[in-house]
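Below you'll find the structure, written out as structure tokens, and then a few comments.
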Amino acid sequence: MRRRMLLGFLPLLLAIALLATSQSILFFNAPANRDMKVRIGIPLNADDPSDWNQAIGESPAVGIIVLNPSNGPGDSRNPEYASRSQQAQARGIRILGYVHTSYANGTVKLETAKTWIDEYYDWYHVDGILLDEANATCRQSAFGYYQSLYQHIKAEPGLALVVLNPGNPTGECYAAISDVIVTFENDYANYEDNYAGANWTFMYPSSHFFHIVLNVPPDRMHDVISQAISRGAGWVYVTDLGEQTKNPYVTLPSYFDSEAEDVLLRNPTLPSSSLNYVPGVLLLGVVAAAVLASGAIFMQERREGGSGLTRKGTRCRLHQKPAMTFFIILFSSASKTIRFVFVTASGLTERESMPSPTRYSASSG
């Protein structure tokens, strides 16, 4: 009898376990999956909110957006950029502040670059910094410049991704003072005919390397992504805009949605950040129903040897097999699908036929 009483609490125990393990995913967006095969990073200089909305909407294919208010952080905080950054971060996208370094030739003083970095963190709460126009040589003066900036970024609060952008293959010395290196930033023709990757890059995970390919025709976009993966890049950005435009980053490519879909299809598991769960009130309702079910079973066990439960003077025990089905609805904004997850916990079954008890159920509106 004691064993049966404990089994009667099974629905409640499962509900509590489900609530405990699911709390974070029910109410928050989980970080994007870092084990993805390839992801998109976007140097987005667009002022048009529709470009930002489109980019944010393609999470989790998009993992990084580079924020560049005014060839740097600008003179003061821009509320619109701050709001867009927060929206992207809420979807699991990391925001990086843009800082140009003029190849460490002395044009951008070290203290000036550090000030810009601090302003990005203070005004926009970024997740890291992209150091553009990075020197590709391991010359000691250049290496020391970027090492100092790397240490400064890593001392900032929160996340501190460091992305170096020399735009072409660089010395291995920079692998130790970066999280990501842009080893290609040029047009499609050069990527096809003149790309020469450094052998040392294959000793590092693909997530350490980023290829940006411009002026890619729509019918070659998928092939370029495949090439980037085969060349060891875990981050890509492919666009049909090119050097013939004033700035190829002022808007998204015409085929951006297709590019994001391509990237998602290359990854075996959809990251959790793309799943928007039904509000936790549904789960709480299931927990409440489980409490009632467990309590009813417990009461039946306690009264089984006595007068029992009565309804209009008739003995009425819970002799049906009590069952509680928990369900969670998952909506994927990326694949536009809805999934249902069911977990059923059953109680005990009595052999004697008795009147049916009052049933308790949880329903969603």
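Here are the numbers:
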{"read-out": "Per-pair calculated FRET efficiency, R0 = 51 Å: SER254 and LYS114 via Cβ, rounded to 0.05", "value": "0.85"}
{"read-out": "Overall dimensions of segment 34-268 by Cα: Rg and Dmax, Å", "value": "16.6, 46"}
{"read-out": "Gain in span if fully extended, GLU80 to GLU192, counting 0.36 nm per residue against the direct Cα distance", "value": "36.5 nm"}
{"read-out": "Whole-Å semi-axes of segment 105-148's equivalent ellipsoid (Cα gyration tensor)", "value": "22, 11, 8"}
{"read-out": "Packing rank of 210-222, 89-101, 133-145, where each peptide gets the mean count of other beta carbons within 10 Å, highest leading", "value": "89-101, 210-222, 133-145"}
{"read-out": "Ranked list, fewest to most other Cβ atoms within 10 Å of each Cβ, for ASP127, ASP75", "value": "ASP75, ASP127"}
{"read-out": "Order by protection proxy (mean Cβ within 10 Å, highest first), peptides 76-88, 60-72", "value": "60-72, 76-88"}
{"read-out": "Rel. contact order, % - alpha carbon contacts under 8 angstrom, at least six apart, segment 34-268", "value": "20 percent"}
{"read-out": "Order by protection proxy (mean Cβ within 10 Å, highest first), peptides 118-126, 37-45, 199-207", "value": "37-45, 118-126, 199-207"}
{"read-out": "Theoretical FRET efficiency, 1/(1+(r/R0)^6), r = Cβ-Cβ of ASN53 and GLN244, R0 25 Å, to 0.05", "value": "0.40"}
{"read-out": "SER102 paired with ARG266, simple spin-label distance in nm, labels 7 Å along Cα-to-beta-carbon", "value": "3.6 nm"}
{"read-out": "Positive-end residue, segment 34-268 charge dipole about Cα centroid, Cβ charges, pick of GLY197, GLN54, VAL224", "value": "GLY197"}
{"read-out": "Surrounding net charge for PRO43, when Lys and Arg each add one and Asp and Glu each subtract one, Cβ distance under 11 Å", "value": "-2"}
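Taken together, the values in this text are just the output of simple stated rules run on the coordinates, not laboratory data. Being a predicted model, the structure only gives us computed values, none of them experimental. A quick note on method: Cβ atoms are made from the backbone with ideal geometry, for glycine too, and the neighbour counts reach across all protein chains shown.
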